[in-house]
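**Student:** Structure below; questions to follow.
The values are calculated or read from the model by the stated rules, or taken from the named source; none is laboratory data. The shown structure was predicted, so the numbers you read here are calculated from the model rather than taken from an experiment. FYI the Cβ positions are ideal-geometry reconstructions off the backbone, even for glycines, and counts take in every protein chain you see.
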């Protein structure tokens, strides 16, 4: 079960209207979201294993006219891979209509490392930014985007994730 699937009952209700799932992987948060991701292949069968409607860098899609007036941007376990995550957030906020939502699912870095250690899983070395829960993320966010952002809801998703829903004001 993916992180998005574990949080689906909480997060799906925020993904209404015209929106995207950035880095959707094999499952989009909701079927009507436009899935943006690179094409991944099953090495055994050489079959695509992505739910993406648009394959390639998500940044290119956001440069187009279809990235205007979005009702929501959803992303699960992607933002932490960016050193300059604030620029990523600015890009996503710019595409939202007023009142639109950014719905994020992120790893609590301490809980994620503990989970990997306890379950013999390989830790993702691609994390360039880390937060210790929703409070730390919101504090970081307030430093850069507070005048355009309202926190709608935040919470924990076991075993090692947290979510934050933000509204463009």
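**Student:** Here is a check on your reading of the model: is residue 11 touching a strand residue (DSSP E or B) at 6+ places or on another chain (Cβ under 7 Å), assigned to a helix (DSSP H, G or I), modelled with pLDDT of 90 or more and closer than 21 Å to residue 165 by Cα?
**Tutor:** When the stated conditions are applied, residue 11 passes them.
**Student:** For the condition under 24 Å from residue 57 (Cβ atoms), out of contact with any strand residue (DSSP E or B) (no Cβ under 8 Å at 6 or more places or on another chain) and either free of Cβ contacts under 8 Å to residues at least 60 places away in the same chain or buried (at least 21 other Cβ atoms within 10 Å of the Cβ) (or both), what is the one hit in 125, 118, 147, 110?
**Tutor:** Result of the check over 125, 118, 147, 110: 125.
**Student:** I need the full set of residues from segment 36-50 which are over 25 Å from residue 98 (Cβ atoms) and at pLDDT 90 or above, in order please.
**Tutor:** Residue satisfying the conditions is 37 alone.
**Student:** Of the numbered conditions (1) surrounded by 13 or more Cβ atoms within 10 Å (Cβ to Cβ); (2) modelled with pLDDT under 95, residue 71 satisfies every one except a single condition; which is it?
**Tutor:** Every condition holds for residue 71 apart from (2).
**Student:** Which of (1) touching a helix residue (DSSP H, G or I) at 6+ places or on another chain (Cβ under 9 Å); (2) closer than 20 Å to residue 134 by Cβ; (3) part of a helix (DSSP H, G or I) is the odd one out, the single condition residue 110 does not satisfy?
**Tutor:** Checking residue 110 against (1) touching a helix residue (DSSP H, G or I) at 6+ places or on another chain (Cβ under 9 Å); (2) closer than 20 Å to residue 134 by Cβ; (3) part of a helix (DSSP H, G or I), the one that fails is (1).
**Student:** Of all residues in segment 55-66, which are more than 16 Å from the chain's Cα centre (by Cα) and within 23 Å of residue 97 (Cβ to Cβ)?
**Tutor:** The answer is 60, 63, 64, 65, 66.
**Student:** From the list 127, 117, which one is within 17 Å of residue 77 (Cβ to Cβ) and either in a helix (DSSP H, G or I) or in contact with a helix residue (DSSP H, G or I) (Cβ under 8 Å, 6 or more places away or on another chain) (or both)?
**Tutor:** 127
**Student:** Examine segment 92-104 for a residue that is in a strand (DSSP E or B), at positive phi and modelled with pLDDT of 95 or more, and state whether such a residue exists.
**Tutor:** Looking for residues that are in a strand (DSSP E or B), at positive phi and modelled with pLDDT of 95 or more, one finds at least one in segment 92-104, hence yes.
**Student:** One residue is enough: does segment 75-90 have a residue meeting the conditions farther than 20 Å from residue 130 by Cα and in contact (Cβ under 8 Å) with a residue 12 or more places away in the chain?
**Tutor:** No, there is no match, as no residue in segment 75-90 is farther than 20 Å from residue 130 by Cα and in contact (Cβ under 8 Å) with a residue 12 or more places away in the chain.
Listed here are the residues, each with its yes/no results for (1) surrounded by 14 or more Cβ atoms within 10 Å (Cβ to Cβ); (2) in contact with a strand residue (DSSP E or B) (Cβ under 8 Å, 6 or more places away or on another chain).
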site: 5; (1), (2): no, no
site: 18; (1), (2): yes, yes
site: 31; (1), (2): no, no
site: 37; (1), (2): yes, yes
site: 60; (1), (2): no, no
site: 78; (1), (2): yes, yes
site: 81; (1), (2): yes, no
site: 105; (1), (2): yes, yes
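**Student:** Next question, about the same structure. Going through segment 137-155 one residue at a time, which ones are touching a helix residue (DSSP H, G or I) at 6+ places or on another chain (Cβ under 7 Å) and at pLDDT 95 or above?
**Tutor:** Correct list: 154, 155.
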